[in-house]
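K.L.:
Below is the structure I would like to discuss, written out as structure tokens.
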Amino acid sequence: MHLLESVTQWLQPVGIVAGLVFSGVALRNDVRSRKLESRIKINEGHRDIWSALLENPSLERIRQDQADLQLFPITASEDRLVRSILQHALLTFDARDLGLLGDIGDFDADVRRFLARPIPRAVWNEIAAFQPAKFRKFVESLL
């Protein structure tokens, strides 16, 4: 009986440690899976938004460094596309902030470059007050 008690006392901690190790491995795999899923969804959103430029070349004006907004005001389609891009940037920012994306390149430089253009900057100025404070501060730090 003494041997059985010794084995039992030894097996309980081993079982607990093994359970913790297996839980840790499962959690790590779950995190990797979520990161991959997030990257795929961000990429799908990016592709869907920018494919609008292929379907409607007149929207290419949002990427111009020189756009006279007094002579040619922002169209409803341009406004809608820029708002979609900014919403996508917000979702990407949130996912990155939560650690769900890993290395996605120089996101900050992409946002800075996009908002340096007249049309995106004008739309941002219009909607900035309605954005989450953390995202708004991030964007403002880039301008």
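K.L.:
Could you check the stretch 66-124 and list, in sequence order, the residues that are of a type in the set (Val, Ile, Thr), crowded, with 17+ Cβ neighbours inside 10 Å and not in a helix (DSSP H, G or I)?
P.N.:
Matches in the stretch 66-124: 74 only.
K.L.:
Something else about it: When only residues in the stretch 29-66 that are among the aliphatic types (A, V, I, L, M) and at pLDDT 80 or above count, which is nearest to residue 113 (Cα to Cα)?
P.N.:
Applying the filter and picking the extreme gives 62.
K.L.:
With respect to residue 55, determine if the residue is of a type in the set (Asp, Glu), over 18 Å from the mean Cα position of the chain (by Cα) and surrounded by 18 or more Cβ atoms within 10 Å (Cβ to Cβ).
P.N.:
Answer is no for this residue.
K.L.:
Tell me whether the stretch 108-131 contains one or more residues that are farther than 24 Å from residue 68 by Cα and charged (D, E, K, R).
P.N.:
yes
K.L.:
Separate question: For residue 26, state whether it is at pLDDT below 70 and in a helix (DSSP H, G or I).
P.N.:
Considered against the rule, which asks whether it is at pLDDT below 70 and in a helix (DSSP H, G or I), residue 26 comes out as yes.
K.L.:
Still on this structure, please answer the following. Residue by residue through the stretch 92-115, note down the ones that are of a type in the set (Gly, Ala, Ser) and either at positive phi or modelled with pLDDT of 95 or more (or both).
P.N.:
Hits for the stretch 92-115 are 99, 102, 105.
K.L.:
Which count do you get for residues in the stretch 125-143 that are surrounded by 14 or more Cβ atoms within 10 Å (Cβ to Cβ) and small (Gly, Ala, Ser)?
P.N.:
So the answer is 1.
The values are calculated or read from the model by the stated rules, or taken from the named source; none is laboratory data. Being a predicted model, the structure only gives us computed values, none of them experimental. Cβ atoms come from the backbone with ideal geometry, glycine included; neighbour counts cover every protein chain shown.
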